[in-house]
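Step one of this worksheet: look at the structure below.
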Amino acid sequence: MRRRTRRLSLLIVASVLLIPPIVAGQQSEETLSFAPIVNYMDGGGHETGPASVFIVSRRRTWKQLWRLANEKFVPVPPLPEIDFDSRMVIAVFHDFACVPCKKSITKILRTENGLQLTVKYAQPGLNCGAFPGFVTRPIEIVEVERAEKSLREKEVQLILETVTVDCKPPA
C-alpha cells in the first residue's frame, strides 16, 4: 500500500513538472488583416474630444456611419458594399491633428480582451520649419474579418505610436 501511495505521489509530481507553465497575464492574440475603405485627412463628424472607434456589423448602421464620415462631401460618395455575413467595418474618427501630420491604422489584433488597434501618428520633425496653425480631424475606415459578438461589444483599445518624420535629409 505504501509503495502504491509513493508511486502515485511521484506520478502526480512528475506530471505537474512536465506540464508547461502558464505565465500570468498571458493571452492569445491574432493579427487580423484589413483593407482600407477610406482615409480622409479631414472628414466629417467633428465633435470635439478624443478619438472615437465604431465597430459596424450591420448594413443599416453602415449607411449611417458612411453619411457621418462623408458629411463634407456633396453629393455623398456611393456606399461601398460589404458582406456583413463574414466581414465588418472599423471606423476611427481620430482626434485632432496638425496639417502635415498623418494618422493611420497599422495593426489590428483580436485578443481575449477585445480588439486592439495600433495607430501610427507621423508628425514633422524639428527640421521641417513652421506650418500654418490649421488642424484636421482625420477619419479612417477599414474592412476586416468579422469578429464574434462578444469581442465587438467590448471597448476597443487604441495604441498610438508616434513617429517623427524629417523633412530634410541630414547634412
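What follows is calculated from the coordinates using simple rules that are stated; it is not laboratory data. As the structure is a computational prediction, the values presented were derived from the model and not from experiment. Counting neighbours? That spans all protein chains shown, and the Cβs are built from the backbone with ideal geometry, glycine included.
Please rank VAL165, VAL38, VAL156, VAL92, fewest neighbouring Cβ atoms within 10 Å first, as an exposure proxy.
So the residues, fewest neighbours to most, are VAL165, VAL38, VAL156, VAL92.
Partners of LYS154 within straight-line reach, counting lysines whose Cα lies under 20 Å from its Cα and excluding those fewer than 8 residues away in the same chain: LYS107. For the range 27-165, dividing the convex hull volume of the Cα atoms by the residue count gives 118 Å³ per residue. Straightening the chain between GLU145 and PHE96 buys 14.8 nm, computed as 0.36 nm per residue apart minus the Cα-Cα spacing.
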